[in-house]
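For reference, the structure is listed below as structure tokens.
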Amino acid sequence: MAKKYINGILMETTPEEDAEIQAKKTAWAAKSGERKLNEIKDIRLSKLRETDYLGSSDQIMTQAMQDYRQGMRDIPQNNSTEEQYDLILARDENRNLTHAVWSKP
């Protein structure tokens with residue numbers, strides 16, 4: 001049995017509470033890939049916004065930048081496993097993203 005605090009008192013949980021706790025942990029773990037993909041999409045949106053100005057009529061976007069932006073949009077279709085998400089979200093000791101997909105031309 002697990003333990004929980006109720007009004008500052010440590011008490012043992014019931015088997016039903018244990019089952020509920022385990023179900024919540026299982027559900028949380030099952031959505032790990034979904035959370036990682038959402039993080040990737042948030043980063044991707046930020047990276048695309050950084051280069052949106054290049055799409056204005058008075059700018060000429062290089063082919064390399066067009067390819068970079070298309071690569072950003074293609075991340076979800078080209079990567080679908082949690083292992084791939086982990087690689088894309090890898091960071092160095094300074095918390096900088098290290099995967100090549102994030103590198104601007």
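The values are calculated or read from the model by the stated rules, or taken from the named source; none is laboratory data. Quantities reported herein were computed from a predicted structural model and do not represent experimental measurements. Note that we place each Cβ from the backbone using ideal geometry, even for glycine, and neighbour counts take in every protein chain shown. Side chains are part of the model used for accessible areas, which takes the heavy atoms of the whole protein and leaves out ligands, DNA and RNA. Shrake-Rupley method; radii C 1.70, N 1.55, O 1.52, S 1.80 Å.
Things to note:
- Subset of the range 14-54 [over 27 Å from the mean Cα position of the chain (by Cα) and either within 28 Å of residue 84 (Cβ to Cβ) or open to solvent by 90 Å² or more (accessible area, probe 1.4 Å) (or both)]: 16
- Scope the range 60-104; condition surrounded by fewer than 16 Cβ atoms within 10 Å (Cβ to Cβ), over 16 Å from residue 46 (Cα atoms) and touching a residue at least 24 places away in the same chain (Cβ under 8 Å); matching residues: 62, 64, 67, 81, 82, 86
- Just so you know, in the range 57-87 the residues that are among the hydroxyl-bearing types (Ser, Thr, Tyr) and farther than 15 Å from residue 104 by Cβ include one that is farthest from the chain's Cα centre (by Cα), and it is 57.
- Of the criteria (1) of a type outside the set (Ser, Thr, Tyr); (2) free of Cβ contacts under 8 Å to residues at least 24 places away in the same chain; (3) open to solvent by 70 Å² or more (accessible area, probe 1.4 Å); (4) in a helix (DSSP H, G or I), which one residue 11 fails: (4)
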